[in-house]
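Report on the structure given below.
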Amino acid sequence: MIREKTKLALQKLFPVPEAKEVTTEAAGEEQDKKAVKETRQNGLLERDYAVHGYHLDAQVAPDQLLEAVTLLDEAEFFIESITGVDWIKEKQLEVIYDFSRYDFDLCRVVIRTRVDRTKPVVPTITGIYAGANWHERETHEFFGIKFQGHPHLVPLLLPEDADFHPLLKDFKA
Amino acid sequence: MNSPILLQPDETFILNVGPQHPATHGVLRVKMEMSGEYIVEAETVIGYIHRMHEKMGELKTYPQFLMNLSRMDYLGALGYSHGHVLLIEKASGIEVPERAEYIRAIMVELNRVASHLFWFGAFVMDLGGFSPLMYALQDREHILDMLEGVTGSRLTYCYFRFGGLYNDVDDDFISAARRFIPRMRKSLKKYHALVTGNIIFRKRLEGIAPLSQEMCRKYGASSAVARGSGINFDVRKNEPYSVYPEFDFDVPVFHECDSLARYNVRMEEIEQSLRIIEQGLDKLPDGPIMPEKKPKLIKPPPGDYYQAVETARGSFGIRLVSDGGKTPYRLKLRSPTYSNMHLFDEACRGMMIMDALAFMGSLDLVIPEIDR
Amino acid sequence: MGTQNVPSSIVQFAAVDKLINIGRANSLWPLTFGIACCAIEMMATGCARFDMSRFGAEVFRPSARQSDVMIVAGTITKKMMPGIKTLYDQMPEPKWVMALGNCAISGGPFAFEGQYSIVLGADEFLPVDVYVPGCPPRPEALLQGIIELEHLVSDWKRWKDPEAAKVVKV
Amino acid sequence: MRLTLLNVIVAVVIAIGFAALNAAYLVWAERRGAARIQRRPGPNINGPFGLLQPPLDGIKLMAKQLTIPGGADKVLFIAAPVLAMFPAIMSFVTIPFSETIVAKNMNVGVLMIFAFASMGGMSLVFAGWSSRNKYAMMSSVRAVSQAVAYEIPMLITTITVVMISGSMDLMEIVRQQSGSILHWNIFPLLGNSHNILMPMSFLIFFTCTLAETNRAPFDLGEAESELVAGFHTEYGSMGFGLFFMGEYANIVIGSCMTTILFLGGWNAPLPFLGFIPGVFWFLLKLYLLIATFIWIRWTFPRTTIYGLLNLSWKILIPLSLFNLLFTAGLIKVF
């Protein structure tokens, strides 16, 4: 099962004291409710596919990102999308990476990382997935997240000289 | 036949293809660095029809956003709406009656046939043949008639509701759909005789723009782009949703990796969609089309939800981050053509402009869907 | 309505002018230029069932230099606006603009609070002659728009106005 | 026939009239024909069967503003459309429509028509070069390579016919083919040579005509989905109109030449049909060929530029050379 393999591989990213045990679904739900109040700690969660639509959910630190994505690349995942979420109350920006497989052995993996709203810098994964290029440019223009090492980080959908980030919650047209 | 020549970097010029160019099917611009007729470097510039669907998703309530999905991709609108309603139903735990799901599947497949027909015509027009467009659009009009009778509009349907449908199908629709299937099969035969068998057509597509499986994976390609490269990937089969497991249909996969393979996949998909429609009409159960108990106000519990569906253009993903409010906290639309088009920059290097534009046609672009 | 003052014709002769206007009205060549959903309906209008060619208006020219009427079919974004302006400037006189669909008229469903991306209608920067509402307009509506434009270009009426005929009877 | 000034003027005026009328109504025929192939009515409201459509289009084009793009080479830009129309009209002068209807017969008629035909290619080059547009430029480069590639097999095939007839006089070539359909150069079984390869040379010649007139599937010069509008991207109003008319005039010339060289000109297909005037047969053959042009255009997709050149250099030229040798051998034997 690719799900088990990926889970084990991703688990290695988290040192034992920090990573909570891989929680079961019931605990995951609890985690969810808590997440509204407090920021979620880095770690790996197994989600109920029937409710959430994906299996593995790993929150990593920005410097662990490349490692995690490399793991998925080796397991032949394809990149679905990259997007951001503006958690304005927690003063954080979240970058979400979706991965899936061209396979009947279904496994959807979500990698997420959180950065401070004032200094949103995340390493680029274009070196691993060439297709991340546009996704990262889009996330950059919508949220102002800088992808360090990106070859061509200019606005993609907005005009070339756009300097606003419309999907931030404090954006006013 | 079309081996790239040795390019002298100092002999190039920049050619702006688009935003108004007959081959780009809308407002797409490709900045091409050309050496004669060969492309050295291409940079796709998108966003000329960026209409902030995602921002509107955050500002509108859940039912208000239904209309946006059909304006995102106007050719295969119902497939996108399907993804949206499935996601919200999953997130807020709404049960959907079986009849509604069957009707949804039938409608989505009809819409897929219509979309593929339009693509077929436009693609052949890119190659310089005009008449197939007319034939394809004539067949498409029959589908639009049927859909219009039930959904009330020709292109931008707002037919699906959370939990069910806006309108039940009537006997007219069912008999029209049954009549349509043999007619479409006959037309398909005609198209194969007129276009697929044409020597000029084949020569223009065979061996052009090979896309490796590795490349598809790195860019996240789906639909005919992936299936033309020998990847057996169809969300309807790989990640079954709705009532698709009930249907018996095949996923066409071709291993040639070229433009002709992509063409063949889509033509074969029309036939498979017809099979689904046929089975759907046979199996269509009686019953209500809206659930009996449905929350008045849709407020999915806080959390993160994802739903992927197979639309006419490939794997469409929609992500909802909810904070429990009346409007989504974040709604991300993952459009399939966005990833498919992204391939173009890398794949068209060293091609001649005419092949590159034929290749662009084989990607089945709908620009508002890329730009969202 | 009425005969339009066409900037290119400096010397005007009534009869010749009338003939020229009739010529113009009956051979409106649109620019191949689709932006969004409405462009699909525009293509459907050119195709078998509705067939714009009956009115001599099916010659979609890809080059702005050869076209007479620009059908703005879809939402105009701020990024696209300069491009459309350039295209309009490239068209030789006399030229007409048709705003097809709600987006080209007023921004349509995308005119929304917090909107940062679109221009609210083609008439913000182009002299629009005919507005065809709908989201998207039906092909029949576009045909009606073309006939309206013909009336606008020349006084000559293709058909008697059925409404007016009724009034005469009563 | 003595050549007087009046004669010449009348001939030229008739030639211009014929060319212009043909060009205008072939546009109509093309639009109606395309519509028929595509299951729609086509322009049918303006006048009976839409017959007033071409004059209306013409009026509109003439009354449109003339634009010359900034930075364009003005002289060449204006000369190009004239050059597209002029050789075609001049070629009409020497075409024999029947035994009597010919403006000026020349004993080197074939040569003259080919000389003017090569000038047509120049107009595309001028147009593309002078309009200062990258698409037009690319199109004109294509047009040159296409013209060079297709003139060779066309001329070689013509030489084959000239060898059979032993004359460069168009009327003489037609007279040689009198009799029945089996005397025509396309099936010369009863003619003076028994060349069984002639149907092939007919096909070569016809293909080359398609390519020389820039018609689909060889319309790479104005490849709409690639080069916007090709060499006439920057031409509006009557400049564009002249290119349009020139294209159709060239089609008429090409079809006339095919009729004369291969289909027996004004000769009736069967001897007992000889009571019908020759000009009827000539026009019948001519318009059937033109209908084929239209039919092909709306059926086939466009080839690629390398496909086009490969077809000429790798297939048509060797075939026509072989055909030439074969014919020479046959003439020697019989």
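The values are calculated or read from the model by the stated rules, or taken from the named source; none is laboratory data. Everything numeric here is computed off the predicted structure, so don't read it as measured data. Because the Cβ atoms are built from the backbone with ideal geometry, glycine has one as well, and the counts that use them run over all protein chains shown. Side chains are part of the model used for accessible areas, which takes the heavy atoms of the whole protein and leaves out ligands, DNA and RNA. Shrake-Rupley method; radii C 1.70, N 1.55, O 1.52, S 1.80 Å.
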Among the residues of segment D:170-189, how many are surrounded by fewer than 23 Cβ atoms within 10 Å (Cβ to Cβ) and among the hydrophobic types (A, V, I, L, M, F, W, C)?
6
Can you pull out every residue in segment D:33-57 that is under 18 Å from D:I251 (Cα atoms) and surrounded by fewer than 21 Cβ atoms within 10 Å (Cβ to Cβ)?
D:G33, D:A34
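Taking segment B:184-200 only, how many residues are over 23 Å from the mean Cα position of the chain (by Cα), assigned to a helix (DSSP H, G or I) and within 14 Å of chain D (Cβ to nearest Cβ)? Lay out the reasoning, then the answer.
At the first step, the residues of segment B:184-200 found to be over 23 Å from the mean Cα position of the chain (by Cα) are B:186, B:190, B:193-194, B:197-200.
Those left that are additionally assigned to a helix (DSSP H, G or I): B:186, B:190, B:193-194, B:199-200.
This time we only want the ones that are within 14 Å of chain D (Cβ to nearest Cβ), so: B:190, B:193-194, B:199-200.
Residues meeting the conditions: 5.
Taking segment C:52-105 as the search range and keeping residues that are outside any helix (DSSP H, G or I) and basic (K, R), which one is surrounded by the most Cβ atoms within 10 Å (Cβ to Cβ)?
In the first step, residues of segment C:52-105 are kept if they are outside any helix (DSSP H, G or I); the result is C:56-63, C:67-80, C:91-101.
Restricting the remaining residues to those that are basic (K, R) gives C:61, C:78-79, C:95.
On the way: C:R61: 22, C:K78: 16, C:K79: 26, C:K95: 22.
Looking at residues that are outside any helix (DSSP H, G or I) and basic (K, R), I get C:K79.
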Of all residues in segment A:81-92 being open to solvent by 10 Å² or more (accessible area, probe 1.4 Å) and charged (D, E, K, R), the one that is farthest from the other protein chains (Cβ to nearest Cβ)
A:K91
Out of all the residues in segment B:8-39, which are in a loop (DSSP other than H, G, I, E, B) and buried (at least 19 other Cβ atoms within 10 Å of the Cβ)?
B:G18, B:P19, B:Q20, B:H21, B:H25, B:G26, B:V27, B:L28, B:E37
Does A:I111 meet the test of being within 16 Å of the chain's Cα centre (by Cα) and either open to solvent by less than 10 Å² (accessible area, probe 1.4 Å) or on the phi > 0 side of the Ramachandran plot (or both)?
yes
Expected single match for within 19 Å of B:I367 (Cβ to Cβ), out of contact with any helix residue (DSSP H, G or I) (no Cβ under 9 Å at 6 or more places or on another chain) and of a type outside the set (A, V, I, L, M) among C:K78, C:K85 is C:K78
Let me confirm something: among B:R154, B:R140, B:R104, which residue is touching a strand residue (DSSP E or B) at 6+ places or on another chain (Cβ under 7 Å) and among the basic types (K, R)?
B:R104
Consider segment B:40-60. How many of its residues are within 22 Å of C:A39 (Cα to Cα) and open to solvent by 10 Å² or more (accessible area, probe 1.4 Å)?
2
Would you say C:P82 is within 13 Å of the chain's Cα centre (by Cα), away from chain D (no Cβ under 14 Å) and at pLDDT 85 or above?
no
Inspect all residues belonging to segment B:292-301 and state whether any of them is in contact with a Gly (Cβ under 8 Å, 6 or more places away or on another chain), open to solvent by less than 30 Å² (accessible area, probe 1.4 Å) and farther than 25 Å from A:Q59 by Cα.
no
Within segment B:306-321, identify whether any single residue is crowded, with 23+ Cβ neighbours inside 10 Å, more than 8 Å from chain A (Cβ to nearest Cβ), in contact with a helix residue (DSSP H, G or I) (Cβ under 7 Å, 6 or more places away or on another chain) and within 28 Å of D:I305 (Cβ to Cβ), and answer yes or no.
no
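Could you count how many residues in segment B:201-215 are assigned to a loop (DSSP other than H, G, I, E, B) and either of a type in the set (D, E) or touching a strand residue (DSSP E or B) at 6+ places or on another chain (Cβ under 6 Å) (or both)? Reasoning before the result, please.
First pass over segment B:201-215, keeping only residues assigned to a loop (DSSP other than H, G, I, E, B): B:206-212.
After this cut, where a residue has to be either of a type in the set (D, E) or touching a strand residue (DSSP E or B) at 6+ places or on another chain (Cβ under 6 Å) (or both) as well, the list is B:206.
Residues that pass the stated criteria total 1.
Going by the conditions given, is A:P159 under 17 Å from B:I46 (Cβ atoms) and buried (at least 18 other Cβ atoms within 10 Å of the Cβ)?
When the stated conditions are applied, A:P159 passes them.
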For a quick check of your reading of the model, give me the residue pairs whose first member lies in segment A:80-91 and is under 17 Å from A:V122 (Cβ atoms), whose second is part of a loop (DSSP other than H, G, I, E, B), with beta-carbon atoms closer than 6 Å and at least 6 apart or on different chains.
A:G84/A:I145; A:D86/A:L168; A:D86/A:K169; A:E90/A:T39; A:K91/A:R117
Looking at (1) in a loop (DSSP other than H, G, I, E, B); (2) crowded, with 20+ Cβ neighbours inside 10 Å; (3) within 13 Å of another protein chain (Cβ to nearest Cβ), which is the one condition that is false for B:K218?
(1)
Restricting segment A:118-148 to residues that are exposed (fewer than 14 other Cβ atoms within 10 Å of the Cβ) and within 18 Å of the chain's Cα centre (by Cα), which is nearest to B:P19 (Cα to Cα)?
A:Q148
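Could you list, in sequence order, all residues of segment B:66-92 that are within 11 Å of chain C (Cβ to nearest Cβ) and among the aromatic types (F, W, Y)? Show your work before the answer.
Let us first name the residues in segment B:66-92 that are within 11 Å of chain C (Cβ to nearest Cβ), namely B:67-68, B:70-75, B:77.
Matches in segment B:66-92: B:Y74 only.
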Mind telling me which of the residues B:A193, B:A226 ends up being open to solvent by less than 10 Å² (accessible area, probe 1.4 Å) and either touching a residue at least 12 places away in the same chain (Cβ under 8 Å) or of a type outside the set (D, E) (or both)?
B:A226
Within segment B:117-141, how many residues turn out to be closer than 19 Å to B:F180 by Cα, at the interface with another protein chain (Cβ under 7 Å from one of its Cβ atoms) and touching a Pro at 6+ places or on another chain (Cβ under 7 Å)?
0
Are there any helices (runs of 4 or more DSSP H) wholly within segment D:245-334 with 1 or more residues that are within 14 Å of chain B (Cβ to nearest Cβ) and open to solvent by 50 Å² or more (accessible area, probe 1.4 Å), and if so which?
D:278-297
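Somewhere in segment D:16-24, is a residue among the β-branched types (V, I, T), touching a residue at least 60 places away in the same chain (Cβ under 8 Å) and open to solvent by less than 50 Å² (accessible area, probe 1.4 Å)?
Filtering segment D:16-24 down to residues among the β-branched types (V, I, T) leaves D:16.
Still in the running and touching a residue at least 60 places away in the same chain (Cβ under 8 Å): D:16.
Next, from what is left, pick out any that are open to solvent by less than 50 Å² (accessible area, probe 1.4 Å): none.
Among the residues of segment D:16-24, not one is among the β-branched types (V, I, T), touching a residue at least 60 places away in the same chain (Cβ under 8 Å) and open to solvent by less than 50 Å² (accessible area, probe 1.4 Å), which makes the answer no.
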Number of the condition not met by A:F78 [criteria: (1) within 14 Å of chain B (Cβ to nearest Cβ); (2) open to solvent by less than 20 Å² (accessible area, probe 1.4 Å); (3) over 18 Å from B:A221 (Cβ atoms); (4) in contact with a Lys or Arg (Cβ under 8 Å, 6 or more places away or on another chain)]
(3)
Sole miss for D:K60 among (1) free of Cβ contacts under 8 Å to residues at least 60 places away in the same chain; (2) within 27 Å of D:K134 (Cβ to Cβ); (3) in a helix (DSSP H, G or I) is condition (2)
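Search segment A:56-75 for residues being open to solvent by 10 Å² or more (accessible area, probe 1.4 Å) and either touching a helix residue (DSSP H, G or I) at 6+ places or on another chain (Cβ under 7 Å) or of a type in the set (S, T, Y) (or both), and hand back the single one that is farthest from the other protein chains (Cβ to nearest Cβ). Walk me through it before giving the result.
As a first pass, look at segment A:56-75 and keep what is open to solvent by 10 Å² or more (accessible area, probe 1.4 Å): A:61-64, A:66-67, A:70-71, A:73-75.
Those left that are additionally either touching a helix residue (DSSP H, G or I) at 6+ places or on another chain (Cβ under 7 Å) or of a type in the set (S, T, Y) (or both): A:70-71, A:75.
On the way: A:T70: 13, A:L71: 15, A:A75: 11 Å.
Within segment A:56-75, the match that is farthest from the other protein chains (Cβ to nearest Cβ) is A:L71.
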Within segment D:97-122, how many residues turn out to be at pLDDT 80 or above and not hydrophobic (A, V, I, L, M, F, W, C)?
1
What number of residues in segment C:17-51 are open to solvent by 20 Å² or more (accessible area, probe 1.4 Å) and under 14 Å from D:P55 (Cβ atoms)?
3
